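Here the structure comes first, spelled out in structure tokens, and everything after it is commentary.
The values are calculated or read from the model by the stated rules, or taken from the named source; none is laboratory data. Bear in mind the structure is a predicted one, so any value in this text is a computation, not a measurement. Every residue, glycine among them, receives a Cβ derived from its backbone with ideal geometry; neighbour counts consider all protein chains shown. Heavy atoms of the whole protein, side chains included, go into the accessibility calculation; ligands, DNA and RNA do not. Shrake-Rupley method; radii C 1.70, N 1.55, O 1.52, S 1.80 Å.
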Amino acid sequence: MTGRRRSFPRPFSSAPTVATASAAACTAVLASLLSGCGSLAGASEGSGEKAPVTVMTWAPEGTKATNMPGMPAMAQAYARWINSRGGIKGHHLRVLTCNEHNDSVTAAHCAQRAVDEGAVAVVGSYSQFGRSFMSPLEVKGIPFIGGYGASDEEFESPLSYPVNGGQASLLAGNGRQLARDCKRVALVRPDSIQGDQMPSLLNSGLVSGSRHPAKDIKAPEDGTDYSSEVNRALDGVGADPVVYGTSAAGGKATGSCVTASLGDHTDAFFDSFRRLQEESPKVQVASVLGSVGQSLLNRTGGSAGPLEGADITGWYPVAHDPRWQPMRKVINDFAFGDNRIDPADQGVQTTWIAYTVLRALVGQLDDDGVEDITSHALQTTLDHGDHAIDTGGLTPKLRWRDDDMLAVQDFPRIVNGTVTYQVVRDGELIAARDGFVNVTKTLERRRTDS
């Protein structure tokens, strides 16, 4: 849908007392970093101050399923940092946050709140309920910039501008990564609508490496004991949990691999995996970043844990890569010890990249002489902008014109089809190979009937 230019009310010239009080109130609000006075646009014309830019970031927190508290926390830290530097080209950045509770109704409420409070974009957010949150944004023409990629609508809606290839690129990439060494693969994934897409995506990578499709193991998204799923996965790859031998010794586990993608509950799966193997050698394990991260490696025993040697697929460079240093400095200086922010978390990283995109867009509009940063102005620049956005090497340069969209079935809004291959060594995630791996062709050839 096409967005409409928002208008801001102007102060009444016939009421000087009220106008003076309003200006004083706005000054106080700005000083406390809580800008929201309706007369700011008018005041900026008379005072030389530029109108603020209001955006929203949402994510689930405190739920029984996947939680992403670091995303709104990163957005707030980013706002504190950029406003300490005078804002984005002089535009104060106002960040609204919302807990969508992993609930479709609440996700819609978050989107409606963004509309009601004048947000010109939703930036760096996580929700599985794209069908609920995209509709209110589309009605008002509000761009959804750099979402995590957890819903199909993020790769379908003309108002969505993803910075990564979402679950599709991760799983296709993981399949290609595993195809190198794995003769038999079991995929443990949520028994959900989102989970139902995972097998064909993983299989696209396996098939491109001349491997058979994976054994599909459905699991509860909010489980606490995955012993049954562990046994079914090991049986599925021909590695009996009691009698199989080591790959190195040429035992029954040779070429057997188990990959799990269960979000926040992936740790519960690998805890069950470890318990069932306490007296038995391990098969090769794998996952994708977002389900596995450095914090999980630390919690599960590091180099002595079940994920040592695991193949991991991510969107971005490894967390200790120097390209993340600007983000780390902002976290150190402006997060004030907020323990929700883990710089190695892909949600936090995606939020940083999404706000990098927003900053570049506002900068382009300001350079073009656009004083009022509206949702329509952002959408127009995103759809037709001549300049690709540099994210500091954390992704390929990004642009969302029609010509930049990849020909990926079911995911027409993907513009970045790259992933990174990582591996766990001595309890740390390190790069398994240099640079990005482009899985666009793998996705384009995906067999939906796998």
Averaged per residue, the 1.4 Å probe accessible area of segment 367-450, protein heavy atoms only, in Å², is roughly 50 Å²
Size descriptor, Kirkwood hydrodynamic radius, that averages inverse alpha-carbon separations across segment 332-414, Å
14.8 Å
On the accessible surface of segment 128-231, probed at 1.4 Å, how many percent belong to carbon and sulfur atoms?
46 percent
Mean accessible surface per residue for segment 129-217, computed with a 1.4 Å probe while every protein chain stays in place, in Å²:
31 Å²
In nm, to one decimal, how far is the R401 label point from the S84 one, both placed 7 Å along Cα→Cβ?
3.8 nm
Assuming R0 = 25 Å, what is the FRET efficiency of K183 and R433, from their Cβ-Cβ distance, to the nearest 0.05?
0.75
Given a 1.4 Å probe and the protein chains all in place, what does the accessible area of R399 round to, in Å² to the nearest 10?
60 Å²
Which whole-angstrom value gives the distance between the alpha carbon centres of segment 149-211 and segment 359-389?
32 Å
Would you grab the residues whose amide H sits under 5 Å from the one on S160? Only those 5+ places off in sequence or on another chain, please, with H modelled 1.01 Å from N.
F144
GluC sites (Glu not before Pro) within segment 274-350: which are DSSP loop residues with at most 15 other Cβ atoms inside 10 Å?
E278, E279
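With charges set only on the Cβ (+1 for Lys and Arg, -1 for Asp and Glu), what does the dipole of segment 357-442 come to about its Cα centre, in debye to the nearest 20?
I would put it at about 540 debye.
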Could you tell me whether segment 79-175 comes out rounded, prolate or oblate from its Cα gyration tensor? Rule is a ≥ b ≥ c as square roots of the eigenvalues, rounded for a/c under 1.5, then prolate if a/b exceeds b/c, otherwise oblate.
oblate
Counting only protein heavy atoms and a 1.4 Å probe, tell me what percentage of segment 350-444's accessible area is made up of carbon and sulfur.
42 percent
Once amide H atoms are built 1.01 Å from N in the peptide plane, which residues 5 or more positions from Y226, or in another chain, come under 5 Å H to H?
S272
How many percent of the accessible area of segment 262-345 is carbon or sulfur, using a 1.4 Å probe?
48 percent
Residue by residue, what Karplus-based ³J(HN,Hα) values in Hz, rounded to whole numbers, does segment 69-83 have, using 6.51, -1.76 and 1.60 with θ = phi - 60° and x for Gly and Pro?
x, x, 6, x, 5, 5, 4, 5, 5, 4, 4, 4, 5, 5, 6
What is the ratio of the Cα radius of gyration of segment 66-127 to 2.2 N^0.38 Å, where N is its residue count, to two decimals?
1.20
What are the residues whose amide H is under 5 Å from the amide H of V258, where those residues sit 5 or more places off or on another chain and H is modelled from the backbone?
A186, Q284, V285, A286
